[in-house]
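Visitor: Here it is: the structure, laid out below.
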Amino acid sequence: MPHLVELKDIYKIYHVGDSEVHALDGISLTIDKGEFVAIVGSSGSGKSTCMNIIGCLDVPTKGSYKLNGREINNYSDDELADVRNKMLGFIFQQYNLIPKLTVIENVQLPLLYGGYSEKEQKKRAIAALERVGLASKAKNMPTQLSGGQQQRVSIARALAGDPSVILADEPTGALDSKTGRDVMKFLQQLNREGNTIILITHDNSIAARAKRIVRITDGHIVYDGPVEGDENVARQAAAGREEE
């Protein structure tokens, strides 16, 4: 069985004047179905570039990327858009909800672009909102919800298309600490239900909620293993258990 995500010798090189900047410098990484992986690093480490490549938002300068066994390096922009829509679910720090659309319309939007019928869009959107406990808010506008509720709407939007991978980019960055912990508990629950989650964060306390840590520094993977093996994250995990 192929890995769900397989990066092999991935480079991302930017040219700045006469200089080359290696945002990713030959990284290799595999992620399997059902995993909860945190890709961790400071600003400028390469973690966001890694996420953009996994999420088909960018392409590597060289190297091989396979998603569910499909080699997608040479896909056109339209083909990459189709992969994003049908195989990937995105959760962003700033929610990215459209203020003029209702909650259910926001959740339906990717399904509209995915070519689902209106009936199927509504069915999937309501089911996704039920999973995040917000079916009663379906007709509300985003501005009528708290920050935590808006983030749960964005999670419902990510779930609605039944993606192979959920990519969560600093999902608690705009939330207070308590609401952030609640969102992370929800992501843990989704993982227990079988969803594959890739979390991008600079925050060790957030990464501690994952099961596996991939730490990137200067475009290189410097650690890939369980939470307990990363000293900084393990310390935060222990502190989090004490708080609970």
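The values are calculated or read from the model by the stated rules, or taken from the named source; none is laboratory data. Being a predicted model, the structure only gives us computed values, none of them experimental. Using ideal geometry, Cβ is built from the backbone for each residue, glycine included, and neighbour counts are taken over all protein chains shown. To get the accessible areas, we keep the full protein, side chains included, count just its heavy atoms, and leave off ligands, DNA and RNA. Shrake-Rupley method; radii C 1.70, N 1.55, O 1.52, S 1.80 Å.
Visitor: What is the one condition in (1) in contact with a Leu (Cβ under 8 Å, 6 or more places away or on another chain); (2) farther than 14 Å from K62 by Cα that K12 does not satisfy?
Guide: It fails just one condition, (2).
Visitor: Can you find, within segment 19-44, the residue that is most open to solvent (accessible area, probe 1.4 Å) among those that are within 15 Å of the chain's Cα centre (by Cα) and of a type outside the set (G, A, S)?
Guide: K33
Visitor: Any chance you could count how many residues in segment 109-133 are within 19 Å of the chain's Cα centre (by Cα) and β-branched (V, I, T)?
Guide: Here the count works out to 1.
Visitor: Considering each of K66, K100, K47 in turn, give the residue that is at pLDDT 90 or above, over 16 Å from the mean Cα position of the chain (by Cα) and crowded, with 16+ Cβ neighbours inside 10 Å.
Guide: K66
Visitor: What is the one condition in (1) in contact with a helix residue (DSSP H, G or I) (Cβ under 8 Å, 6 or more places away or on another chain); (2) under 25 Å from G133 (Cα atoms) that I72 does not satisfy?
Guide: (2) is the only condition that I72 fails.
Visitor: List every residue pair whose Cβ atoms lie under 6 Å apart, where the two residues are 6 or more positions apart in sequence or sit on different chains, the first residue falls within segment 42-56 and is under 17 Å from D9 (Cα atoms), and the second residue, located anywhere, is open to solvent by less than 20 Å² (accessible area, probe 1.4 Å) and in a loop (DSSP other than H, G, I, E, B).
Guide: G46/G219; K47/G41
Residues are listed down the side, and each one gets a yes or a no for (1) charged (D, E, K, R); (2) in contact with a helix residue (DSSP H, G or I) (Cβ under 7 Å, 6 or more places away or on another chain); (3) farther than 20 Å from A168 by Cβ:
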{"site": "E35", "(1), (2), (3)": "yes, no, no"}
{"site": "C56", "(1), (2), (3)": "no, yes, no"}
{"site": "D77", "(1), (2), (3)": "yes, no, yes"}
{"site": "V107", "(1), (2), (3)": "no, yes, no"}
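Visitor: I'd like the residue in segment 221-241 that is of a type outside the set (A, V, I, L, M) and modelled with pLDDT under 80 and, out of all such residues, is nearest to V40 (Cα to Cα).
Guide: Among them, the one singled out is N232.
Visitor: Hey, another quick one. Is one or more of the residues making up segment 108-121 within 18 Å of I200 (Cβ to Cβ) and either in contact with a Lys or Arg (Cβ under 6 Å, 6 or more places away or on another chain) or open to solvent by less than 10 Å² (accessible area, probe 1.4 Å) (or both)?
Guide: no
Visitor: Say we look at segment 134-165 and pick out the residues that are surrounded by fewer than 18 Cβ atoms within 10 Å (Cβ to Cβ) and in a loop (DSSP other than H, G, I, E, B); which of these is nearest to the chain's Cα centre (by Cα)?
Guide: Among those residues, the one meeting the criterion is S164.
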